Amino acid sequence: MDPRHTLYKNFDKLAVDPANTGTMSARSDDEAAQVAASSGVTPESIEKKLKEGLGAVYVEIADLSGGCGQMYEAIIVSPQFTKKTTLARHRLVNSTLKDEIAAIHAWTPKCHTPEEWEKKKPQ
């Protein structure tokens, strides 16, 4: 028997537990706003934590989720990134924002040293 047939049969038996809807994604804009409010993650809270934890001299946070607060992109400029690889920089940021990252859907950091940022920043 083809294993895909077994898989399809198993899918026919799947059901959603109505008592466990807290882990499901938002179904409306109102529900998305409630999720964002309950997560406690805001661009301001992320910025504050990065400035305190990494000594960031410049932080720019963009909410790419359309307002529900579940997808962020950030430009982070910190002297702590000097002589670190991109991976090491991301690990440093992710360890600083461990709780916040766990509460959101997507996180994209762009990490620069002050010298790199001076060359790259928009004029």
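Laboratory data are not the source of any read-out in this text; all were calculated from the coordinates shown. Just so we're clear, the structure is a prediction, and the values are computed from it rather than from any experiment. Methodologically, a virtual Cβ is constructed for each residue, glycine included, from the backbone with ideal geometry; neighbour enumeration extends over all protein chains shown.
A few points about this structure:
- Set of lysines with alpha-carbon distance to Lys98 below 29 Å, sequence-local pairs under 8 removed: Lys48, Lys49, Lys51, Lys83, Lys84, Lys110, Lys120, Lys121
- Positive end of the dipole of the range 41-123 (Cβ unit charges, origin at the Cα centre): among Val57, Thr82, Pro122, the Cα lying farthest that way belongs to Thr82.
- Three-way shape label, the range 58-123, alpha-carbon gyration tensor, a/c 1.5: oblate
- DSSP bridge analysis restricted to the range 41-123 gives an antiparallel fraction near 45%, rounded to the nearest 5.
- As a rough footprinting exposure proxy, the listed residues Ser45, Ser78, Ser95 were ranked by other beta carbons within 10 Å of their own, and the order from fewest upward is Ser95, Ser45, Ser78.
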